[in-house]
Amino acid sequence: MTAFSLEPAQLAWCAELRSLAAERLHPLADKGEPGHVNRTLVAELGGLGLLGRLFTSGALDLCLMRESLAYACTEAETALALQGLGAHPVHAYGTEAQRARWLPRVTAGTAIAAFALSEPGAGSDAAALELRAEADASQAGRSSGAAQAGQSSDTAQAGRSSDAPVLTAAPDGPARWRLTGEKCWISNAPEADFYTVFARTTPGAGARGVTAFLVPADRPGLTGRGLDMLSPHPIGALDFDAVPVTAGDVLGEVDRGFRVAMGTLNLFRPSVGAFAVGMAQAALDATLTHTAGRDAFGGKLRDLQAVSHQVAEMALRTEAARLMVHAAASAYDADDPDVPRRSAMAKLLATETAQYVVDTAVQLHGARALQRGHLLEHLYREVRAPRIYEGASEVQRGIIAKELYARQEAR
């Protein structure tokens, strides 16, 4: 199998996933409350065995899952992806105890994971993060900032929704650090059950002074609030008020957390592209149906050359993006040293392509596409964010250029 073709079994699996998404997952997504974790939907993903595949499959399989689910149910795709993004650092860098405690619940869909990297002043420049992990000299006392009587309804102990599982609030041993600061634009916050949190353990050391921690949502001093975003899934901010963490909460090595972050993003960036390709394909197929059946100017809309050429361009760009996503995922699976560049290219091309395809589809559908509830109205809202998260398009261009010049200098 090459990056440019799929085996019959893979094609059949993609078709099965599209059917599952349309028939079983989409109805559950429709019952969810916008801006909140749909735990029923996540549990169904677990019951279907899809969450477990996040940790047993390669990057190409992850891309096939995300594209197929996105085609029929973007909410299901996003729920699956966020479980993977939040829990992959535990799978790849966690201790045996950390994996045993959390991964079975993640794969069953009974624990919600989140990836907490971005901050109000450190979005695209992730190495500039300021959440402090300060040494705890006393190893005594607890912050009272977690949950106090009279909390407002939109500020609560992170993850403590009424149907969330009861987890252990106190750390397993004496605190070695106290986390103080803020995270922002965090998907699944404040309703996740645990967070992969990146904090600065060595001031002034840039990317080399960051440590990744596994922080249960009910740790004392951790609170969260939802943000009103253009997104059906929850996005929030987290406040850390001297949150205790121990050596047993570290993911990977102290001061090497940026490797955890980049390793995770290198895997998930091509699959963000796959999510975008799924949306683009759905918009393209809807446009083919519409232009073939719509009467206009004495014929069908597709008979107008201006229309047919736009449709051809949509198809061309969608297929090109799909091939680049598959190539990047295959490179990751082959442990290719060129993964950062390929991952950045795949995410950049696919997300920019999806924006173009969905926008063109809206234009060819006319006003009906902007009506609430229309597929394209939904995709038009969904397609914008992937050009920003997990590294904005400008960041991807910077990564590509850096890798190209590094390769030239190494010759």
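The values are calculated or read from the model by the stated rules, or taken from the named source; none is laboratory data. All values derive from a computational prediction rather than experimental measurement. Note that we place each Cβ from the backbone using ideal geometry, even for glycine, and neighbour counts take in every protein chain shown.
Values as computed for the structure displayed
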{"quantity": "Near pairs, Cβ below 7 angstrom, 6+ apart or cross-chain, from the range 355-383 (over 22 Å from His233 (Cβ atoms)) to any residue that is at pLDDT 95 or above and outside any helix (DSSP H, G or I)", "calculated": "Arg368/His374"}
{"quantity": "Count - residues of the range 280-314 that are under 20 Å from Leu370 (Cβ atoms) and in contact (Cβ under 8 Å) with a residue 40 or more places away in the chain", "calculated": "13"}
{"quantity": "Candidate set from the range 326-343 (those that are more than 19 Å from the chain's Cα centre (by Cα) and either at positive phi or of a type in the set (S, T, N, Q) (or both)); member that is surrounded by the most Cβ atoms within 10 Å (Cβ to Cβ)", "calculated": "Ser330"}
{"quantity": "Helices (runs of 4 or more DSSP H) within the range 36-106 that include 2 or more residues more than 15 Å from the chain's Cα centre (by Cα) and among the hydroxyl-bearing types (Ser, Thr, Tyr)", "calculated": "59-72"}
{"quantity": "Lone qualifier among Ala3, Ala22 - being at pLDDT 95 or above and small (Gly, Ala, Ser)", "calculated": "Ala22"}
{"quantity": "Cβ pairs under 7 Å, 6+ apart, first in the range 7-20 and more than 14 Å from Glu77 (Cα to Cα), second surrounded by fewer than 16 Cβ atoms within 10 Å (Cβ to Cβ)", "calculated": "Glu7/Met1"}
{"quantity": "Filtered residue count, the range 233-266, keeping only those that are small (Gly, Ala, Ser) and within 15 Å of the chain's Cα centre (by Cα)", "calculated": "3"}
{"quantity": "Residue in the range 321-339 that is farther than 23 Å from Ser57 by Cβ and not in a loop (DSSP other than H, G, I, E, B) present", "calculated": "no"}
{"quantity": "Residue match in the range 361-374 (condition: in a loop (DSSP other than H, G, I, E, B), at pLDDT below 95, under 29 Å from Ser118 (Cβ atoms) and not polar (S, T, N, Q))", "calculated": "no"}
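Yes/no per residue for (1) aliphatic (A, V, I, L, M); (2) surrounded by fewer than 18 Cβ atoms within 10 Å (Cβ to Cβ):
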| site | (1), (2) |
| --- | --- |
| Phe297 | no, yes |
| Gln305 | no, yes |
| Ala321 | yes, no |
| Met324 | yes, no |
| Met345 | yes, no |
| Leu364 | yes, no |
| Ala367 | yes, yes |
| Leu370 | yes, yes |
| Leu376 | yes, no |
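Yes/no matrix, rows are residues, columns are (1) in contact (Cβ under 8 Å) with a residue 12 or more places away in the chain; (2) buried (at least 22 other Cβ atoms within 10 Å of the Cβ); (3) closer than 15 Å to Val90 by Cα:
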{"site": "Arg225", "(1), (2), (3)": "yes, no, no"}
{"site": "Asp228", "(1), (2), (3)": "yes, no, no"}
{"site": "Asp241", "(1), (2), (3)": "yes, no, no"}
{"site": "Gly248", "(1), (2), (3)": "yes, no, yes"}
{"site": "Gly257", "(1), (2), (3)": "yes, yes, yes"}
{"site": "Gly263", "(1), (2), (3)": "yes, no, yes"}
